[in-house]
Amino acid sequence: MTTFLHDSFIVFNRQLRMNLRNPAWVIIGMLQPVLYLLLFGPLLEPVIAQLGGNKYTWFVPGMLVQLGIFGAFFAGFSLIGEWREGVIEAERVTPASRAALLFGRLYRDLLQLLVQALILVGLGLVLGMDFNGAGIVLGVVLTILLGGACAAASNAFALTVKSEDVMAPVINLVMMPVLLLSGILLPMSFGAGWLDRLADFMPIRHVVDAVRGAFFGDYDVSTLGWGVGWTVALFGAAIWWGVSVFRRENA
Amino acid sequence: MTTITARGLVQTFHTGQGKKKVPVRAVDGIDLDVAEGEVVGFLGPNGAGKTTTLRMLTTLLKPTAGTATVAGYDVATQPVQVRRSIGYCSQVGSTFSGAYAGDEVVDHGRLYGMSKADAVAKGHDLFDRLQLDGLWRRMPKNMSGGQKRRLDIAMALIHSPSLVFLDEPTTGLDPQARANLWQHIADLRSEQGATVFLTTHYLDEADALADRIVIIDKGRIVASDTSDNLKAQVAGDLVSVEVATDEQVAVARDKLASIAETVEVAGRVVSGRVSRAAKVVPGLLRDLESSGATLEAIEVARPTLDDVFLTLTGRSLRDAEAAAEAADEGAAQDHTDEGVPA
């Protein structure tokens, strides 16, 4: 366990150093939530007015989950670059724990996500979002777990196909239904009944509902249960997949 | 003391599309022994199974069948101990193009459990030895091919392994960079006492660096001996004589046939393999002169590893490689014959 922590922090440090050396991506990553909030938020005003409640409390949780998912989906791209240059193979020939090679990279993605989430929430509060401390913390935690799941899956997929040309269309293919059926922009319950039923089959919809509920301070057991359940399940499955890909020979 | 022992090593890949998976034995039952302190050249054409064998010995690939003990540990059941004992320099590289060279080496050392201070000290020492001084804060993308390969070797040596695997160390380098790298590879043993196992498809590289050459073709080892002994297996030196006129070809052929087993004629050039050319060629020259033949040229060539490969496999290394190399015009193979111009 100590080896795992030691090794994963070395990998994390290396990743963080390389990320910070290329600040363009860090800045773009930080700007994203700000732009969404400032430029897209106002568009929602008339719609949210019909739902009642604070428009930023409606909107920020969706943005949060979107950040968690979409940023993390792209984590695998940098892994393909490293693999091509022989870095992954060089790391796998050291005695380092295989899981640490994945986790070190996940820490980097999650740290970035945490910073983005704090900016988003902070800005939301400045703009007048309701303040429910416990709910916000719960929402951010769920988002980070979901982001970790997506980053792990992205890394696992990247190291399996080893091609950006395969990665890019597949990510688009996955993102489309996620965006449309999880109520990231507007709650699904706002739409037609059949669409709401259909969206029930989209796991991330339940996560979005739970995060949104938490931000409103509405801890409905069923909503939270489904959201937390799906988050934990997705996280567990993706980590298992990621670790097994890093462990597999010839990866 | 042997540091690598492999018995019946097999690697089967499955290739093909859809349901029709065709098993291919990339490595087809290899036995190998490498003694401590030896420099072994693993020679064969592209696709012969060199890298696959190396990846099994370095625990990156689990053998389909057979066993291998590396540095005293079993590659299948004690991979972590094997990894601690060996250095591996892969064909593709080991560092990220956008990271500082020094940082990459230090992080690599720390994954072997070295303290940061030790890794920094050892890293600087290696940079000095490998002529990388001043490049600690240079990114690999701004390095020459030769510098990058030396950086890969520094990565492989950071934890002071007693056994180093080098996969095609000089592929893609220009002649000066190759010669320079050869010197550093030779130093691995002379200065650091390391056992070196290197794969190559360059004959001159195996000839220049290795105590012993192991030739692999189609996943099987076809020979294992010193360069000189391998060459001695080939039936003699190649003597080629070019005469001035067509009429003299018959005379030259008869005279050469009296000392060589088979004689080939191509235009006015008559050639044949003779054992101990130095002893018989002066007599041949006198015979030709007394029978009135005028020589345009004479050449005596010692057998090359290419001749050895041809003798062992029935095709030349270049032919075996032709398909794979066709697309790669940059990798011109400079083949050094020990020719004796007359």
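Here is a list: B:48, B:26. Which entry is touching a residue at least 12 places away in the same chain (Cβ under 8 Å), of a type in the set (Gly, Ala, Ser) and within 14 Å of chain A (Cβ to nearest Cβ)? Break it down into steps so the answer makes sense when it comes.
Values: B:48 fails: within 14 Å of chain A (Cβ to nearest Cβ).
From the options B:48, B:26, the qualifying one is B:26.
Looking only at region B:82-89, decide whether some residue is in the same structural domain as residue B:27 (by TED's automatic domain parsing), within 22 Å of residue B:220 (Cα to Cα) and of a type outside the set (Asp, Glu).
Filtering region B:82-89 for residues in the same structural domain as residue B:27 (by TED's automatic domain parsing) gives B:82-89.
Now narrow it down to the ones that are within 22 Å of residue B:220 (Cα to Cα): none.
There is no residue in region B:82-89 that is in the same structural domain as residue B:27 (by TED's automatic domain parsing), within 22 Å of residue B:220 (Cα to Cα) and of a type outside the set (Asp, Glu).
So for region A:121-136 (the condition being within 14 Å of another protein chain (Cβ to nearest Cβ) and not in a helix (DSSP H, G or I)), does at least one residue qualify? Give the derivation first.
Step one: filter region A:121-136 for residues within 14 Å of another protein chain (Cβ to nearest Cβ), giving none.
Scanning region A:121-136 turns up no residue that is within 14 Å of another protein chain (Cβ to nearest Cβ) and not in a helix (DSSP H, G or I).
Within region B:71-88, the set of residues being surrounded by fewer than 20 Cβ atoms within 10 Å (Cβ to Cβ) and within 7 Å of another protein chain (Cβ to nearest Cβ) comprises B:80, B:84.
Considering A:148, A:124, A:139, the condition of being in contact with an Asp or Glu (Cβ under 8 Å, 6 or more places away or on another chain) and of a type outside the set (Ser, Thr, Tyr) is satisfied by A:148 alone. For region B:238-262, the candidate set comprises residues that are modelled with pLDDT of 85 or more and either in contact with a helix residue (DSSP H, G or I) (Cβ under 6 Å, 6 or more places away or on another chain) or of a type in the set (Ser, Thr, Tyr) (or both); within that set, the residue that is surrounded by the most Cβ atoms within 10 Å (Cβ to Cβ) is B:241. Among the residues of region A:4-14, are any crowded, with 19+ Cβ neighbours inside 10 Å and either more than 11 Å from chain B (Cβ to nearest Cβ) or closer than 27 Å to residue A:217 by Cα (or both)? Within region A:4-14, none of the residues are crowded, with 19+ Cβ neighbours inside 10 Å and either more than 11 Å from chain B (Cβ to nearest Cβ) or closer than 27 Å to residue A:217 by Cα (or both). Just to be sure, is residue B:271 polar (S, T, N, Q), buried (at least 16 other Cβ atoms within 10 Å of the Cβ) and without any contact (Cβ under 8 Å) to a residue 60 or more places away in the chain? Here the answer is yes, as residue B:271 does meet what is asked.
Residue B:181 fulfils the conditions (1) touching a Gly at 6+ places or on another chain (Cβ under 8 Å); (2) within 24 Å of residue B:46 (Cα to Cα); (3) not in a helix (DSSP H, G or I) except for a single criterion, (3). When restricted to residues that are of a type in the set (Gly, Ala, Ser) and at pLDDT below 80, region A:11-50 contains 2. Checking every residue in region A:151-168 against the condition of being crowded, with 17+ Cβ neighbours inside 10 Å, of a type in the set (A, V, I, L, M, F, W, C), in contact (Cβ under 8 Å) with a residue 60 or more places away in the chain and within 14 Å of chain B (Cβ to nearest Cβ) gives at least one match. Total residues in region B:94-119 satisfying the condition of being of a type outside the set (Gly, Ala, Ser), in a loop (DSSP other than H, G, I, E, B) and surrounded by 22 or more Cβ atoms within 10 Å (Cβ to Cβ): the figure is 2.
What strands (runs of 3 or more DSSP E), lying completely within region B:265-342, carry at least 3 residues that are modelled with pLDDT of 80 or more and within 25 Å of residue B:249 (Cβ to Cβ)? By residue number, B:269-274, B:295-301. Can you tell me which residues in region B:173-184 are surrounded by 15 or more Cβ atoms within 10 Å (Cβ to Cβ) and either over 16 Å from residue B:40 (Cβ atoms) or touching a residue at least 60 places away in the same chain (Cβ under 8 Å) (or both)? Once the filter is applied, which keeps residues that are surrounded by 15 or more Cβ atoms within 10 Å (Cβ to Cβ) and either over 16 Å from residue B:40 (Cβ atoms) or touching a residue at least 60 places away in the same chain (Cβ under 8 Å) (or both), region B:173-184 yields B:173, B:177, B:178, B:180, B:181, B:184. The single condition among (1) more than 26 Å from residue A:103 (Cα to Cα); (2) away from every other protein chain (no Cβ under 11 Å); (3) not β-branched (Val, Ile, Thr) that residue B:161 does not meet is (2).
The residues of region B:89-106 that are more than 7 Å from chain A (Cβ to nearest Cβ) and closer than 18 Å to residue B:56 by Cα, listed by number, are B:89, B:91.
Quick one: would you say residue A:21 is within 14 Å of another protein chain (Cβ to nearest Cβ), under 19 Å from residue A:155 (Cβ atoms) and of a type outside the set (Asp, Glu)? Judged against the criteria, residue A:21 is not a match. In region A:208-231, the residue that is surrounded by the fewest Cβ atoms within 10 Å (Cβ to Cβ) out of those that are β-branched (Val, Ile, Thr), farther than 20 Å from residue A:53 by Cα and touching a residue at least 40 places away in the same chain (Cβ under 8 Å) is A:228. Restricted to region B:58-70, and to residues there that are away from chain A (no Cβ under 11 Å) and under 23 Å from residue B:188 (Cα atoms), the residue that is surrounded by the most Cβ atoms within 10 Å (Cβ to Cβ) is B:70. When region B:110-158 is filtered for residues that are within 14 Å of chain A (Cβ to nearest Cβ), among the basic types (Lys, Arg) and either free of Cβ contacts under 8 Å to residues at least 40 places away in the same chain or out of contact with any Gly (no Cβ under 7 Å at 6 or more places or on another chain) (or both), the ones remaining, listed by number, are B:110, B:116, B:137, B:138, B:149. When every residue of region A:83-101 is checked against the conditions, none turns out to be under 19 Å from residue A:13 (Cα atoms) and more than 14 Å from chain B (Cβ to nearest Cβ). With a requirement of 1 or more residues that are touching a helix residue (DSSP H, G or I) at 6+ places or on another chain (Cβ under 7 Å) and hydroxyl-bearing (Ser, Thr, Tyr), the helices (runs of 4 or more DSSP H) lying completely within region A:23-100 that satisfy it span A:55-73. On the stretch given as region B:261-315, residues that are over 25 Å from residue B:246 (Cβ atoms) and of a type in the set (Ser, Thr, Tyr) total 4. Of all residue pairs spaced 6 or more apart or on separate chains, those with beta-carbon atoms under 7 Å, a first member in region A:127-140 that is touching a residue at least 12 places away in the same chain (Cβ under 8 Å) and a second member that is small (Gly, Ala, Ser) and crowded, with 17+ Cβ neighbours inside 10 Å are A:135/A:214; A:138/A:214; A:139/A:214; A:140/A:117. Against the numbered list (1) within 17 Å of residue A:62 (Cα to Cα); (2) buried (at least 17 other Cβ atoms within 10 Å of the Cβ), residue A:105 comes up short only at (1). Among the residues of region A:169-187, the one identified as among the polar types (S, T, N, Q) and surrounded by fewer than 16 Cβ atoms within 10 Å (Cβ to Cβ) is A:172.
The values are calculated or read from the model by the stated rules, or taken from the named source; none is laboratory data. In this text, all values refer to a predicted model and were calculated from it rather than measured experimentally. Please note: Cβ atoms are built from the backbone with ideal geometry, for glycine as well, and neighbour counts cover all protein chains shown.
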